[in-house]
Amino acid sequence: MPLEATMIIIDNSEYMRNGDYPPSRLEAQADAVNTVFQTKVDSNPENTVGIMTMAGKGPEVLVTHTRDLGQILKALHTVATEKIGGAINIPTAIAIAQLALKHRENKNLRQRIVVFVGSPPTDAPGSDAASLVKLAKKLKKNNVAVDIVSFGDGIEEEEEVSMEVGAEAHSASPLRKFVDNASSGDNSHLLVVQPGSTLLSDALITSPVLAADRAAGIPEELQGGGGDAGPSQGGAANDFEFGVDPSLDPELAMALRLSMQEANAREAVANPSAAGLSADQPPASSAAAPSTNAGQAAAAGAVGAGAGVAAGAAVANIDGDDEDDALLQQALALSHEEDGEDVEMDGSDEEGDEEGDEDEEDDDEDAAIARAIQMSMEEQQQEDKKGK
Amino acid sequence: MADEKSILDLIDTTQLSCLNENSSHTVKDILGRKTVNSAAGSYLLSDADEQLLLTITFNQSVRIRKLAIRSSEDPSKAPKSIKLLINRPSIGFEDTTDAVQELELTEDQVKEGKSVALRYVRFQSVNTLHIFIENNHGDEDETRIDAVDIIGTPFETTKDLSGLRQEED
């Protein structure tokens, strides 16, 4: 679970008036900031987020570390009404963001900067590729992660080339080089959002930028096999039965898995014999089951017999594809066995035993207390004697 | 001296950190076990450039008398100029100008891991020790440290309560 202080740098240059990202670049960016804020704050109760602009008269911090959505919205509103203008200055903005992060209250938070770039590269001092790489190294040295979201005019032309050749291409765009150099242990990402039907915030939420935060609230067993593979990897979709890539939307994947499990459970409860039959269909059912399971099945008696066979089949079936199903049926079979045993055995006998145990414990405790009192009395008496 | 011993066992490993460390050779590799590191495969390596900034927090106040840093593998990667700072809640590479003490380690000292006497009076109540390694002997891009040892005494007034456990019934 990432424990992070995040500084969001937004682009408020004149380029943001463009309407190619509906309704306008600036508003799309505001939605995206909102998304990032909510995701970061929800992923850990200690996380904080700040926001600053990087164009206008100069980079300006609007909100320092906060968990208050109102302050973020207010800042975004101020930007929309008053602060559009000028050209971006990425290096200065990042330097200021780093300072702001440095003065976070909780020093245990890791530092992260998220930069939204919707303007073309400028010739501000320090904006050339070499200086950016230098700045990236400095950030890496100070343990600051950087995510860059480039859209609109922020998309660089070399992008497609570098995407094809892969991350190791050295002809990559300055922004990609920047992120590659700042990344330590794959903690920094560059996200390119093309204009079109997808919303900026939608693209963000399924991106690696927020993947770690979104996966944080989901229990390990529901995350699926593709959890530790890189997000947005096509291969992971093959392991997942519902036809979507679980790493793209972990919450949806969790919901799907949960409802599948519930449906299975309902089905099994409503129609246990049918479940047993369906599990019996593979040829190697109870014969292939380990002898212990066969023994169990035999011991289960008349009531549990069918379910016991199902259990055996389930064990044999575990290597197959519907592992969850098999486990569930095994559990059901076991519960049936217990029912059967309860009927056969004298129920009161068992209860009596338990009560007896409890009584013994009580007796033990009473005896121990009595001993303790006795010992303390003795000590007191001895002391009294000494006193005399 | 009366009570000279390694105080590595007083390190609070949860707060142990290092800036510019290589993610596969971290400071926890050499100090996480609270003993002087002797395993050959574990060492601390710098990442983006040759500088390192170790932050070592103790679980009580200590007085520090000596410091030993060993880097025996490659003499050119051994740390040379060192600045020591104490008790800074947050520290970055730009905060290292006003050091409590500055040291130049010789190649012999780092090769053998010989301890260097510090100005004892300045290290009387240390909760956190920051070791800033500015450069190395061979002007390499990587600095490597195999082991660190800190020699001193716990501060008299505080007691180590971390060893206390609830008594078993």
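The values are calculated or read from the model by the stated rules, or taken from the named source; none is laboratory data. The structure presented is a predicted model; accordingly, all values stated were derived computationally and were not measured. Note that we place each Cβ from the backbone using ideal geometry, even for glycine, and neighbour counts take in every protein chain shown. Keep in mind that these areas ignore ligands, DNA and RNA; they rest on the heavy atoms of the full protein, side chains included. Shrake-Rupley method; radii C 1.70, N 1.55, O 1.52, S 1.80 Å.
Quick notes on this structure:
- All lysines inside 20 Å of residue B:28 as judged from Cα atoms, apart from same-chain residues fewer than 8 positions distant: A:107, A:140, A:141, B:77
- Here r is the Cβ-Cβ distance between residue A:95 and residue B:23 and R0 is 35 Å; the resulting FRET efficiency, rounded to 0.05, is 0.90.
- FRET efficiency for the residue A:27 to residue A:212 pair, using the beta carbon distance and R₀ = 35 Å, is estimated at 0.85.
- Cα-projected label distance for residue A:371 with residue A:197, points at 7 Å along beta-carbon direction, nm: 7.8 nm
- On full extension, the segment bounded by residue A:20 and residue A:382 gains 120.9 nm, given 0.36 nm per residue less the C-alpha separation.
- Listed by chain and number, the lysines whose alpha-carbon sits under 23 Å from that of residue A:83, ignoring those within fewer than 8 places in the same chain, are A:57, A:74.
- Exceeding the 30 Å Cα-Cα cut-off - candidates A:134/B:66; A:134/B:80; A:40/A:177: A:134/B:66
- With a Förster radius of 45 Å applied to the beta-carbon distance between residue B:139 and residue B:12, the computed FRET efficiency rounds to 0.85.
- Residue A:64 sits among other residues whose Cβ lies under 10 Å from its own Cβ, and their net charge, with Lys and Arg +1 and Asp and Glu -1, is 0.
- Here the contact order of region A:1-73, divided by its residue count and restricted to Cα pairs under 8 Å and six or more residues apart, works out to 37 percent.
- Applying a DSSP loop filter and a limit of 16 other Cβ atoms within 10 Å to the trypsin sites (Lys or Arg not before Pro) in region A:57-146 leaves A:57, A:67, A:107.
- B/A buried area, accessible surface, summed, 1.4 Å probe, Å²: 900 Å²
- Working note: Cα atoms of region B:5-154, range along each principal axis, descending, whole Å: 35, 32, 28.
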